[in-house]
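Asker: I have a structure I would like to understand better, so I am pasting it below and will then ask my questions one at a time.
Read-outs: derived from the displayed coordinates by stated rules, not from any lab. All values derive from a computational prediction rather than experimental measurement. Neighbour counts are summed over all protein chains in view; Cβ atoms, including those assigned to glycine, are modelled from backbone coordinates with ideal geometry.
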Number of protein chains: 2
Amino acid sequence: MRATLIYGAGDVRVENVPDPVIEQSTDAVVRVLRACICGSDLWPYRSRAATEHGDRIGHEFLGVVEETGSEVRGLHRGDVVVAPFVWSDNTCDFCSEGLQTSCRHGGMWARNGVDGGQGEAVRVPQAQGTLVRLPVSEDSALLPSLLTLSDVFPTGYHCAVRAGVNARTTVTVIGDGAVGLSAVLSARRLGAERIILMGRHKDRTDLGREFGATDVVAERGEEGVERVRELTGGDGTHAVLECVGLEQAVDTAFGVVRDGGVVGRVGAPQYEKVPMGSREFMRNITLTGGVAPARAYIEELLPDVLDGTIEPGRVFDRTVNLEEVPDGYRAMAARQALKVLITP
Amino acid sequence: MRATLIYGAGDVRVENVPDPVIEQSTDAVVRVLRACICGSDLWPYRSRAATEHGDRIGHEFLGVVEETGSEVRGLHRGDVVVAPFVWSDNTCDFCSEGLQTSCRHGGMWARNGVDGGQGEAVRVPQAQGTLVRLPVSEDSALLPSLLTLSDVFPTGYHCAVRAGVNARTTVTVIGDGAVGLSAVLSARRLGAERIILMGRHKDRTDLGREFGATDVVAERGEEGVERVRELTGGDGTHAVLECVGLEQAVDTAFGVVRDGGVVGRVGAPQYEKVPMGSREFMRNITLTGGVAPARAYIEELLPDVLDGTIEPGRVFDRTVNLEEVPDGYRAMAARQALKVLITP
């Protein structure tokens, strides 16, 4: 089959790879209907050292079950399924607590001999725990929004949940990428009435407003902090959803959070340490969040997607076929596309 | 009157200062019955640059109301009262949320013309909001335990509350000082059944066992982390209560916390940044806590102290009079005393 490999910074190729087959009795093989490129795929795309051999890439996909191992229950050939971006048994103690990203028998796509999502098909380990059946057909118009359940939407949702967003909390979302916009949608879904979106790409922040943002702050750094403080009577907001992952965004988060407030973070950290010294201590600031256990949220979010209450798939603004995936990377890296959908 | 002043590292003196008088209509004057020395007083005691003029010091006291300003309601001459270590109006939005340490009209003792607690008397700003009446006499045997309500016990309690301690959480407490032991007592009160105390002073950890610690780990650093991991099947504990404030203790906290777990911190930070990079992100670790709003917890904790269910005053292992306060500092700094009670 054809699949995407990364050979180094700026070097993504679509090549022939072995067709996936059942290796373990808990595996399934899924033919990919839709996949996409993640903001986190851009970190290696920008910085990975060149290698002779390519590495598989991609961790967001939905598709059709082609085959299941002998131990897999509840999934059948022809089922349309979505895969969260970490595979897991969904039965261990961590999974039971809703932390499938720490599953005792789980792991990441595109590592250690596991397929990546940006290909024609995927061998899915721990298929029964990992895959969620979707009550739609292969040509459903909902596929883009359903695909967001694999990562970007639950990632924004995880951020908002961990930051304690509810009807009584004011919220700042840092970042107008697909995760930031998903965080806006999530905060609104959790009842927040005041949502300040920090971002400077008008087409993105316009979508953010449609998703529920009440204010947009285009300024960055100290200026951006001042602007959010002005909008909140000097106090900042109860919750801050950090959806970028850069040190400056973290600094901004601490600058705009209200005393006693919570900074949730889901931007993959491009830093090792955060400023949580005396000042944040005296203000009782909490820092939480992390890699999102998407699997924990899919059942909760699915009905709203199925009935059209929310349309997280609107973050996709470009579609490519599998052979065009390298163009998709270039477009996202150049910020010509917000998020790229792949139809293999 | 006589009061304690700090002139620099190792230089604490008891001197004559002006008697406190009502300055604002919201003030009260309280004659001090009991005060004490805080672990946080030792930071300036160890490091403050020498000054010509001394600065008042001390922020934990209970006493008797001598006089009240015209706007103070509910407090009368002769009332025995305890003062939390931050004064506050107890009516603003932050106070209403239980964050009296961020009160819009509050402040710290021994700063900006406000008296310190280690003296014969104190002018109490925002007296109605700050002081809590105690239904005991001036010679009650409960005074030491009641005095802990001003800081050390609610500080440990804040740590446990913020870290989400309950009957289902395993807990590690880092530090066998008075705050750490208070955190043990607090975790037990909140229902924790497995409490690992990290500390290497046997007399202190013995008291910790009486307060509810089920395991004691004397090793520090990497070795201590390994030991806690051994005790928890390799996983670490759900909650970690960091009661020291040194960088090494924070590193230990991240080392012994379970995936998805919470590090609560109440040790005054002697660091500016904490290690919350990719590793902690992938493990969904939360860092919370901060300066404790003692005022928020006093009514909740008071009944258990009054009926003897808990005896947080057992952390006091030395008593001095006011003139002997410099000896008290020396003893605490040399770890010859766990916590020093002052009877002015």
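Asker: Inter-copy label distances at residue A:306, 7 Å along the Cα→beta-carbon direction, one decimal in nm, shortest first?
Answerer: 5.5
Asker: Within a Cβ distance under 13 Å of residue B:201, other residues only, what is the Lys/Arg minus Asp/Glu net charge?
Answerer: +3
Asker: Here's something else I'd like to know. Rounded to the nearest 0.05, what FRET efficiency do residue A:77 and residue A:142 have when you use their Cβ-Cβ distance and R0 = 22 Å?
Answerer: 0.55
Asker: Now for a different question. Using a Debye calculation, one point per C-alpha and no hydration shell, please list log10 I(q)/I(0) for chain A at q = 0.07, 0.08, 0.11 Å⁻¹ in order.
Answerer: Cα-only, vacuum Debye calculation for chain A: -0.28, -0.36, -0.69.
Asker: I'd like the mean, over residues of A:182-188, of how many other protein chain beta carbons sit within 10 Å of each residue's own Cβ.
Answerer: Mean partner shielding for this stretch: 0.
Asker: Using only Cα atoms and rounding to the nearest 10 degrees, what angle (0 to 90) does helix A:247-256 make with the longest principal axis of chain A?
Answerer: Once rounded, the angle reads 50 degrees.
Asker: Looking at chain A, send over the antiparallel percent of its DSSP beta bridges, to the nearest 5.
Answerer: About 55 percent, rounded to the nearest 5.
Asker: How would you rank A:167-179, B:190-202, A:218-230, highest first, on the average number of other Cβ atoms within 10 Å across their residues?
Answerer: A:167-179, B:190-202, A:218-230
Asker: Give the lysines reachable from residue B:339 as a straight Cα distance under 29 Å; neighbours fewer than 8 places away on the same chain don't count.
Answerer: Straight-distance partners of residue B:339: B:202, B:273.
Asker: Which of these, A:108, A:332, A:276, has the largest mean-square fluctuation under a Gaussian network model of chain A (Cα springs below 10 Å)?
Answerer: So, out of A:108, A:332, A:276, the one fluctuating most is A:276.
Asker: Which of rounded, prolate, oblate describes region A:238-344, given a ≥ b ≥ c as roots of the alpha-carbon gyration tensor eigenvalues and a/c under 1.5 marking rounded, otherwise prolate only if a/b is larger than b/c? The partial results should precede the final answer.
Answerer: On the way: a/c = 2.92, a/b = 1.66, b/c = 1.76.
Here region A:238-344 falls in the oblate category.
Asker: Taking each residue in A:255-262, count the Cβ atoms of any other chain within 10 Å of its Cβ, then average. What number comes out?
Answerer: 3
Asker: Follow-up. Per-residue Cβ counts within 10 Å, from other chains only, averaged over B:234-241: what number is that? Write down the numbers at each step before the final one.
Answerer: Values: counts 0, 4, 0, 0, 1, 0, 0, 0.
Per-residue shielding by partner chains comes out at 1.
Asker: Report the label-to-label distance for residue B:11 and residue A:70 in nanometres (one decimal), using points 7 Å from each Cα along the Cα→Cβ vector.
Answerer: 8.3
Asker: Using a Gaussian network model of chain B with C-alpha springs under 10 Å, which one of B:288, B:51, B:26 is most mobile by mean-square fluctuation?
Answerer: Maximum among the listed residues: B:51.
Asker: Take the Cα of residue A:111, step 7 Å along the line toward its Cβ, and report every residue of region A:61-100 whose backbone nitrogen sits under 13 Å from that point.
Answerer: Counting only backbone N, you get A:85-88.
Asker: Another one. List, shortest first and in nm to one decimal, how far the label point of residue B:76 (7 Å from Cα along Cα→Cβ) is from its counterparts in the other copies.
Answerer: Ordered by increasing distance: 8.0 nm.
Asker: Charges only on Cβ, +1 for Lys and Arg, -1 for Asp and Glu: so what's the dipole of chain B about the Cα centre, in debye to the nearest 20?
Answerer: 600
Asker: Roughly how tilted is helix B:178-189, in degrees to the nearest 10 and between 0 and 90, from the longest Cα axis of chain B?
Answerer: 70
Asker: Given label points at 7 Å from Cα along Cα→Cβ, what nm distances, shortest first, separate residue A:2 from the same residue in every other copy?
Answerer: Listed shortest first, these distances are 9.0 nm.
Asker: Between rounded, prolate and oblate, where does the protein assembly as shown land on the alpha carbon gyration tensor, with a ≥ b ≥ c its root eigenvalues, rounded for a/c under 1.5, else prolate if a/b exceeds b/c?
Answerer: prolate
Asker: Then there is this: Tell me the volume per residue, in Å³, of the convex hull enclosing the alpha carbons of region A:155-289.
Answerer: Value for region A:155-289: 84 Å³ per residue.
Asker: How high is the FRET efficiency between residue A:300 and residue B:93 when r is their beta carbon distance and R₀ equals 25 Å, given to the nearest 0.05?
Answerer: Numbers: r = 32 Å, r/R0 = 1.26.
It comes to 0.20.
Asker: Let me ask another. With springs only between Cα atoms under 10 Å, which of B:80, B:315, B:21 fluctuates most in a Gaussian network model of chain B?
Answerer: Comparing B:80, B:315, B:21 in a Gaussian network model of chain B, the most mobile one is B:21.
Asker: Further question on the same structure: List residues of region B:176-201, by number, whose backbone nitrogen lies under 19 Å from a label position 7 Å along Cα→C-beta of residue B:219.
Answerer: Flagged as within label range: B:176, B:195-201.
Asker: Between residue B:206 and residue B:330, what is the spin-label point distance in nm, taking each point 7 Å from the Cα along the Cα→C-beta axis?
Answerer: 2.6
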